[in-house]
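Enquirer: Have a look at this one before I ask anything.
The values are calculated or read from the model by the stated rules, or taken from the named source; none is laboratory data. Predicted, not measured: the structure shown is a model, and the values here were computed from it. As a convention, Cβ positions derive from the backbone with ideal geometry for all residues, glycine included, and neighbour counts pool all protein chains shown.
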Amino acid sequence: MKQGAILSILALPLVVLIAAGLRRIRFTLRNRTFELKRDNFNTLLARNNPYYRSLSNTDRERFLRRVMLFMEAKEFKYIDIEPEETMPLLISAAAVQLTFGLEHFLLDHFRTIYIIKDKYLFGLYNMPFEGHVSEDGIYLSWAHFLREFSNYSDGQNVGLHEMAHALTYVNFTVREGRDYTFHDQFVAFSAVGRPIFERMQAGESIFLDPYAATNYQEFWAVCVETFFEKSTAFKRQLPDLYSSLCVLLNQDPLTPRKVLTIN
């Protein structure tokens, strides 16, 4: 055996020890940051996010830790708007709300979230956008994000809508961050959802917002908005579709714990 190979084998335990030490340091620093920011973040989320406000103290703790991990994993870029501490916090909370019942919640493919002051033009489209998802990131109009979370009963929520698009992008367009349970359960959701979508495309008036008939991706995103903002009516009007969403997302907004099975 060559001397270099012997040295590599001898050095391996040291490399492993260093890596373990770095992980402990990161864990300690993350916990310290969490303790320092917990009260402030709890106050901001309780004020601005109705879903978070309805959680127990134990579930708030779990939610907050996920939010901080999500924020840490993303770069937030600001377009025509001055950064504020609440921006990455509330946007991360929208992502965590959607994925609170899932094991993989970081939407790993997306490294960058773009926060834009108001509606904006994109590509060749003439209609202004409130948000969109593309290969390079998640884009959100801050004005509409705030407005639609402040009115949490109309079924319109661009934050949840775009995070829904991001979730299916991660699970069906790329493989990075894929949640295989969600991926497989989406088939069962579609078995219920596709016929309803096709009826809407044929012109039938359904409980869901008519925008859901645009295409199946928009149907999915509108279902998510309605699932969280008009839960009671959704369950009453479309019980099978509502139940399939509960299974797919592993949560039910109408239950105190929200999450059905803790991962």
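Enquirer: Any idea which residue in segment 53-78 is nearest to the chain's Cα centre (by Cα), counting only those that are charged (D, E, K, R) and within 24 Å of residue 225 (Cβ to Cβ)?
Expert: Per the criteria, the residue is 66.
Enquirer: Of all residues in segment 190-211, which are among the polar types (S, T, N, Q), over 23 Å from the mean Cα position of the chain (by Cα) and either surrounded by 13 or more Cβ atoms within 10 Å (Cβ to Cβ) or within 19 Å of residue 157 (Cβ to Cβ) (or both)?
Expert: 201, the sole residue that qualifies.
Enquirer: Still on this structure, please answer the following. Return a yes/no flag: does segment 250-259 have any residue that is modelled with pLDDT of 95 or more, in contact with a Cys (Cβ under 8 Å, 6 or more places away or on another chain) and among the hydrophobic types (A, V, I, L, M, F, W, C).
Expert: The answer is no; no qualifying residue exists.
Enquirer: When the residues of segment 214-246 are filtered to those that are crowded, with 16+ Cβ neighbours inside 10 Å and among the β-branched types (Val, Ile, Thr), which remaining residue is nearest to residue 160 (Cα to Cα)?
Expert: 224
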